Structures are given as C-alpha cells and as structure tokens.
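Coordinate-derived values only; no laboratory data. In this text the structure is predicted, and so the values were computed from the model without any measurement. Here the Cβ positions follow ideal geometry from the backbone for every residue, glycine too, while neighbour counts run over all protein chains shown.
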Amino acid sequence: MESSACQEIDVRFVDEYRDPKAARALVAHITELAGTDDFKFMEVCGGHTHTIYRHGIEHVLPANVELVHGPGCPVCVIPMGRVDDAIAVSKEPGVIFTTFGDMMRVPGSQGNLLQAKAEGADVRFVYSPLDALNIAIDHPDRSVVFLAVGFETTAPSTALTLLAARDKGVSNFSVFSNHVTIVPPLRAILESPDLRLNGFLGPGHVSTVVGQRPYRFVPAEYGLPLVTAGFEPLDILHAIAMLLEQIREGRCEVENQYSRVVHEDGNPRALAILADVFELRPHFEWRGLGFISQSGLKLRPEFSAFDAELRYDIPGVRVADPKACQCGEVLKGVIKPWECKVFGTACTPETPIGTCMVSSEGACAAYYNFGRMHREAAVTLGRRSTIGA
Amino acid sequence: MCLGIPGQLTEISDVHEHLARVDVSGVTRVINIALLQDEALEAGDWVLIHVGFAIARIDEEEAAFALASLQLIGEAYDDELDGFWSTEKASETTDS
C-alpha cells in the first residue's frame, strides 16, 4: 500500500515533465550510477532552486543524491547594512529611488524600502534599468537613483544603461551598485569547512554571459566536477546524471548541459561592456559569507558622475543579521530551509525576517511556496523526504 | 524580478540604438538588443529577455520549453510579465 502511494507521488511529478519517459529513464540512470554512495551537489542559481522545488526534483532523486542550495540569489546575499544604505539614499531630498520589485521588501535594520516609501520617500518599482534612466530624462529637476542588483546576468544591462546615460548627457541619474560576480562565492563555498560537496550544477543565465571558462578552477584546484544546467526539470536531471557519470568514470571537468543556450565563450560583447563600465571592488560583504575579495562590482572612475556612492553620503554601517535569522547557513547550503528555526513561523513571505524568504528566487521562499506540501505529503505517507529504493 | 522571458522579435525598430519590438505571449514591447549586436538578429528570431534586454538567442523549441517552465512557476512569472508590460510606455521614450 505504502509503495503504491509513494509511486503516485513520483509519477505525478514526472508526468508534469515534458517527457515523462525520458525523465524516468534519467532517474533510473542516476539511481544506478549513484549506487550506495552518498552524493551532495550544490546549485548556485536562483532559477535552479526554483525549478528544483517547483518540480519536486528532490523527491524524484534517490535518497542518496542530495541537492544543496548555494548563494544563487543576488537579492538574498545583500547584507542588512547595505539595505539601510539604500533606504538612506531614498530619503535624500529630490531623489526618485528606483529598484527591482523584489528588493522592495528586503529588511534593513529599521524596515524596508516599501516602508520608506510609506514614510514619504519616492521609491518606485522598475522592470529595467532603462526605465530608471527614462524617469531621469522625464524628470530633469529630480535625482534618479537606480539600485543595481544581480550577478553577471544583469550587470551588462546596467552597464549599457550607464553608457546610454553618458552618451545622452543625462546628469541627474546615478547607480547604487550591488552587482556581484559568481566565481568568488563559489570559491568561498569550496574553502568553507562546513560543507562536503561532490560537485556543482553551474548557473544557467550567468553562464550565457561568462561562458564556461571561469568555472575551470573548480575541477582544476578543488577536484570537483561542474555541469552547467538548463532550467527544465529534465535539464537538471540530465546534469546530475552527467556529474555522476564523471565521478564514476574518474573524470573531473566543466561540462555544459545547457549548450543550446550557453556558449563556451559566453557573450564576449557583454563581457567587454562590463569591463568598460565596472571594476571589481577589493572586497564586498555577502550575507552569510562575510567579506569576499574581488566579488563586487563598482563603477569605474570614468563613470564616477553616475556613482550614487560618490554622490550621496552612504552610512556604510555593518549590521549583523537578527539572532533568529539563519539565512547565512541556508545560503551556504549548511541547512535546508525547513531546518531554520524560524522558517514558516516567525519568518514567512508575508513577514520575512531574512532575504532567503523575501526574494522569490530565495531558497526559503521557493520551498515555502512549492516544496513544503510535497515534502509534508511524503513524510505523512511514511517515507523520508526523498524517495528510497 | 530576474527571470529570462522568451520572446520573438517582430521588428528591429532602431538599428543605431539597438532597439527591437518583441512579442511575448501576444503582447509587444520594445527591448534593447545591444548585448546581441554581433548576432545579426532579425524579425522572427527568438531571444531570452532579462530586465528589458535580450541576453541570449534561442530557437523556437527552446522558447516553447522556457515558456512552459515559466508558466508552471506561476505567480513569479506573472509578476515578471506584469513588470515587463507595465513599463511599456516608459520604454517608448527611448525611441525619441
């Protein structure tokens, strides 16, 4: 009885996949390759976290293959003090403060941008940095600030916007850059004693920009395989199979499962545009990971006229996470969302304590919205949270 | 947010400014294609759109997969689409 009820769960997930037969074949292949050893693979892409929870991938994998969610959400890694800085700028006279939607509710030490807006700051949601530039062009009497957030996927778009601002001679536009790069946190995770990993799923969209070469240090220096994966459940299963194949065949390299979209060299044009506009900060603070060298992007001196950090007084105060918040551990993959003491109780999407719950790409939000019911059903039906043999 | 939305180019609206009209699920808006300027994009091509910029060229099959995946995500995708369309008007001023 129990096993047929269990079967129902995996069938329901797998049937949702584009090609259930292929999915079942991949799962069988993964199970065979994994054998009786335990494997832990980390993904560092908010989109992957989302797909994994939404499609119940962890329930489809054998119990000895575990997926760990790393710092793949660029909103989630912004420390509280930096949010306070953004709020301080939004309150400067004459400022129109523009931001992506999911930054609006990220908690600083005294509230979030949405609350600052309620208190009178002119905070506006934008979909694109170009929209922020257009607001500046339309309001020459105001100072428009754009809160730039994101990995290398997003930074080229901010860079192009700055080039457009310069070319059009817009003088009332500035960027508060919180762009980060993918390689340093990967290295920080690999250097961390908290975690024993067997490989990585490489990020999908970041890789369209940076290509595959930047990840070569992972096999070369740390002896772990990395397979860049697409966003369909089948892509993720395929990438996991490729990781296991590497391990079983004694190979250790960077492979590209998402080759239909990601090229080996990435997008050289985008990289050149990035290099024209941004440079690496000596170090940048990441929530949960502390200061990481060469991990943050700031505007080059030639663009200092557009740098909000030079235009405004940024408090720059380091703020420790609230004691109850375990975002740092979730971001490093040391604990799962449901293992956080405040998950689902004090910390929910409506009342988030930490960033992992605020951004829809955050592990906790993704799990809260999609993963909980699958896991609770599995546990209720008397199995562990992943399917056993 | 930061999802990649698949869309099909309907027209290169401004070659110099690298702007193109794109159709996403039946609605069109202007996006910036400067990041793909070396790919000689033309009407009919499919791209992945991220914060108002085309970031990768894809084929129609990949676009269908991406759309299906996004639709299963539900609310986050709806929010992304709302954002994409809400600033349609703002993007028009880039043309002038």
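A few points about this structure:
- Label-point separation in nm, A:Val319 to B:Ile12, each point 7 Å along Cα→Cβ: 4.8 nm
- Taking every residue in A:119-132 and counting other chain Cβ atoms within 10 Å of its Cβ, the average works out to 5.
- Net charge of the neighbourhood of A:Gln246, taken over other residues with C-beta under 9 Å away and scored Lys/Arg +1, Asp/Glu -1, is -2.
- Taking 7 Å steps out from each Cα toward its Cβ at A:Thr351 and A:Ala118 produces label points 1.4 nm apart.
- Expressed to the nearest 5 percent, the antiparallel share of DSSP beta bridges inside the protein assembly as shown is 45 percent.
- Highest average packing first - A:360-370, A:116-126, A:60-70, Cβ atoms within 10 Å: A:360-370, A:60-70, A:116-126
- Residues of the range A:259-301 with an amide N closer than 19 Å to a point placed 7 Å from the Cα of A:Leu310 along the Cα-to-Cβ direction: A:274-283, A:296-301.
- Across the options A:Leu133, A:Cys356, A:Ala239, the greatest Cα extent toward the positive end of the charge dipole of chain A (unit charges at beta carbon of Lys, Arg, Asp, Glu) belongs to A:Cys356.
- Neighbour-count ranking [beta-carbon atoms within 10 angstrom, fewest first] of B:Trp85, B:Trp46, A:Trp286: B:Trp85, B:Trp46, A:Trp286
- At the listed q of 0.10 Å⁻¹, the Debye profile of the protein assembly as shown, built from one uniform point per Cα, gives log10 I(q)/I(0) equal to -0.72.
- Averaged over the residues of peptide A:39-49, the number of Cβ atoms from other protein chains lying within 10 Å of each residue's Cβ is 1.
- Mean separation of Cα contacts under 8 Å (6+ apart) over length of the range B:5-88, as relative contact order %: 26 percent
- Cα gyration tensor shape of the range A:73-193, rounded if a/c is under 1.5, else prolate or oblate by comparing a/b with b/c: oblate
- Listing A:Phe146, A:Phe173 from fewest to most neighbouring C-beta atoms within 10 Å gives A:Phe173, A:Phe146.
- Modelled FRET efficiency - R0 51 Å, A:Ala22 with A:Asp138, Cβ distances, 0.05 increments: 0.50
- Where labels lie 7 Å past Cα in the beta-carbon direction, separation of B:Val27 and A:Arg269 in nm: 2.7 nm
- Per DSSP, loop trypsin sites (Lys or Arg not before Pro) in the range A:139-206 with at most 10 further Cβ within 10 Å: A:Arg196
- Inter-chain Cβ neighbour average for residues A:202-209, partner chain, 10 Å: 3
- Taking amide H atoms as placed 1.01 Å from N in the peptide plane, the amide H of A:Glu255 lies under 5 Å from those of A:Leu226, A:Val227, A:Thr228, each 5 or more residues away in sequence or on another chain.
- Most positive-pole-ward Cα, A:Val210, A:Asn256, A:Leu33, against dipole of the protein assembly as shown from beta carbon charges: A:Leu33
- For A:Lys336, the lysines whose Cα comes closer than 22 Å to its Cα, not counting residues fewer than 8 places off in the same chain, are A:Lys40, A:Lys323.
- Dipole check for the protein assembly as shown: with +1 at the C-beta of Lys and Arg, -1 at the C-beta of Asp and Glu, and the Cα centre as origin, the magnitude is about 1360 Debye.
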